[in-house]
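One structure is given here, and the rest of the page talks about it.
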Amino acid sequence: MHRTGDIGSAVIGTGFIGTVHVEALRRIGVPVLGILEDTPEHGVARAAELGVPRAYASLGELLADDRVRAVHVTSPNHLHYRQVVEILSSGRHVICEKPLAMTSTESADLVARAASSGLVNAVNFNIRFYPLNQHLAAEIAAGALGDVRLVTGHYLQDWLALETDWNWRLEPARGGALRAVGDIGSHFLDLVTFLTGQRVASVMADLATFVPVRREPAGPVLTFSNERATETVAREITTEDAATVLLRFEHGARGLVAISQVSHGRKNSLRYEIDGSAGAAAWESEQPDQLWIGHRERANEVLLRNPALMNEAGRAAARLPGGHVEGFGDTFPAHFAAIYADIAAGGPSPRPAYATFADGHDEMLVGDAIAESARSRRWVDVRRDGVPGVHEAATAATPEGGIS
Ligand code: SOE
């Protein structure tokens, strides 16, 4: 058993989310020994800005640093697979951003490699780690809502609402064949699976591209950037701006979710409502310190996040007393504390609260079913039998990997 302070880490990619990783690692006392960027020069500049001791010039150089025991992968999606393969082969624990890979063939391979390595493997579905979500998952498992019947909700953002909004996620070759579904729909689906304990069994999906042509700026653009480029090029868009999906869960629950990156005014709004036979619960990521609890025969309640009023799982994820609002950035130290406890112990625990590669792969399979359903305009079962997804076939057939 190591102390987390003795486990050296490195972070690949220091955009919006990679920076949150670096800050969260510091908050739990894990040394960030270095970073890797797209070019050595960019790496040196970002290491100086973030106060990180070293910028590695390549993944090979990073993995040659024996003090690094865990690597965080926050690079664009198309790099995840090959970087994670190298990291696992070098015997390092790995925390990868979602989606885990570009296709479910890749993600299945990563699951197999991680399992045979015995190393800790995690996917950054951080939303599980809002303390009230940890609390609610344990309450539902203990029967507080009775049998789960209905799961409804949305994940809406507006940062890609305008034709001048641009990001690498819009390009199928870098972001994947599914965009809104892969980037944020995957968070919703992972979260409700975690909360209810039920995986998605079948889907009926409709995908829409409302902005078919966008203006790509001459230079790179950070996620959520407000900068407007003067020189742009027209680009045809084949990935979805929005999706509506009907869901059937494995133990009979039904669901409905709207996913969009073009909803004006919604910055980062994930909302769910879970109706059970004995009660209901609802939560919204833009007011994350409040959990609504619905009753039929007495007044409804609102639980304000408070370690003194939550169960053990909720308390473990909370870092501040009640009334001191915790948010997005606070889910990362809570998430990483759970992952690094396993790293300190030497390997994955039997049922981790964090999402493993197996969970990340499962979201890829649900994505395959969503793509197939939208294309064929019918209900599609999630294939967990190892058959390559239609999503896979689509990516192979068209170099752009586009779906309409
Ligand atoms: C962009 O849509 C994004 O940064 C996602 O990639 C993250 O996973 C989400 O947490 C916030 O929005």
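A short reminder: the numbers here are calculations on the coordinates, not readings from a lab. Predicted model, so just to flag it, every value in this text is computed and none were measured. A quick note on method: Cβ atoms are made from the backbone with ideal geometry, for glycine too, and the neighbour counts reach across all protein chains shown.
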Computed on alpha carbon atoms, what radius of gyration and Dmax characterise the chain, expressed in Å?
-> 20.6, 63
Suppose every K and R has +1 on its Cβ and every D and E has -1 on its Cβ; what is the size of the dipole of the chain about the Cα centre, in Debye to the nearest 20?
-> 580 debye
Taking the chain and counting helices only, DSSP H stretches of n ≥ 4 at -39,500 (n - 2.57) each over all residues, the nearest-500 ellipticity at 222 nm comes to -10000 deg cm²/dmol
Once Lys and Arg are counted +1 and Asp and Glu -1 for all other residues with Cβ under 12 Å from that of residue 279, the total becomes -3
Given a cut-off of under 8 Å on Cα pairs at least six residues apart, what relative contact order in percent is computed for region 4-126?
-> 22 percent
Efficiency of FRET from Cβ geometry, residue 85 and residue 324, R₀ 41 Å, rounded to 0.05 | 0.50
Taking one equal scatterer on every alpha-carbon of region 164-214, how large is log10 of I(q)/I(0) by Debye at q = 0.14, 0.22 1/Å?
-> -0.48, -0.92
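Within a Cβ distance under 12 Å of residue 338, other residues only, what is the Lys/Arg minus Asp/Glu net charge?
+1
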According to the square roots a ≥ b ≥ c of the eigenvalues of the Cα gyration tensor, what is the shape class of region 149-188, taking rounded for a/c under 1.5, prolate for a/b larger than b/c otherwise, and oblate for the remainder?
-> oblate
When the chain is treated as a GNM, springs tying every alpha-carbon pair under 10 Å, which of 289, 38, 381 comes out with the largest mean-square fluctuation?
-> 38
Each residue of region 295-306 in turn: what ³J(HN,Hα) in whole Hz from Karplus with 6.51, -1.76, 1.60 and θ = phi - 60°, glycine and Pro shown as x?
-> 10, 8, 10, 8, 5, 5, 10, 10, 8, 7, 3, 7
Largest-first ellipsoid semi-axes for region 1-130, taking √(5λ) over the Cα gyration tensor eigenvalues, angstrom = 21, 17, 15
If you average the sequence gap of Cα pairs under 8 Å that are 6 or more apart and divide by the length of the chain, what percent do you get for the contact order?
-> 21 percent
For a label point 7 Å from the Cα of residue 298 along Cα→C-beta, name the residues of region 271-285 whose backbone N is under 16 Å from it.
-> 278-281
Using the eigenvalues of the Cα gyration tensor, what equivalent ellipsoid semi-axes result for region 316-377 when each is taken as the square root of five times the eigenvalue, whole Å, largest first?
-> 32, 20, 7
Taking the Cβ-Cβ separation of residue 174 and residue 256 as r and a Förster radius of 25 Å, what is the calculated FRET efficiency to the nearest 0.05?
-> 0.25
Does region 230-271 classify as rounded, prolate or oblate by the C-alpha gyration tensor (a ≥ b ≥ c root eigenvalues; a/c under 1.5 gives rounded; else a/b over b/c gives prolate, otherwise oblate)?
-> oblate
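Highest mean first, what order results for 58-70, 196-208 on Cβ atoms within 10 Å?
The packing order, highest mean first, is 196-208, 58-70.
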To the nearest 20 debye, what is the magnitude of the charge dipole of region 4-126 about its Cα centre, counting +1 on the Cβ of each Lys and Arg and -1 on the Cβ of each Asp and Glu?
-> 300 debye
What residue among 282, 114, 345 shows peak mean-square fluctuation when the chain is described by a Gaussian network model with Cα springs under 10 Å?
-> 345
Might you report the magnitude of the Cβ-based charge dipole of region 106-242 about its Cα centre, with Lys and Arg at +1 and Asp and Glu at -1, to the nearest 20 debye?
-> 280 debye
Plugging the Cβ-Cβ distance of residue 315 and residue 41 into 1/(1 + (r/R0)^6) at R0 = 56 Å yields, to the nearest 0.05, a FRET efficiency of 0.80
Which trypsin sites (Lys or Arg not before Pro) from region 285-324 combine a DSSP loop assignment with at most 10 other Cβ atoms within 10 Å?
-> 296, 298
Between region 353-373 and region 39-101, the Cα center-to-center distance that results, in Å = 24 Å
Within a Cβ distance under 10 Å of residue 55, other residues only, what is the Lys/Arg minus Asp/Glu net charge?
-> -1
Under the Karplus relation with 6.51, -1.76 and 1.60 and θ = phi - 60°, whole-Hz ³J(HN,Hα) for region 166-180, x at Gly and Pro, equal 9, 6, 4, 5, 6, 8, x, 5, 10, x, x, 5, 9, 9, 4
For labels at residue 164 and residue 349 in the simple 7 Å Cα→Cβ model, what's the distance in nm?
-> 4.9 nm
Between 213, 223, 282, whose Cα lies farthest towards the positive end of the dipole of the chain when Lys and Arg beta carbons carry +1 and Asp and Glu beta carbons carry -1, centred on the Cα centre?
-> 282
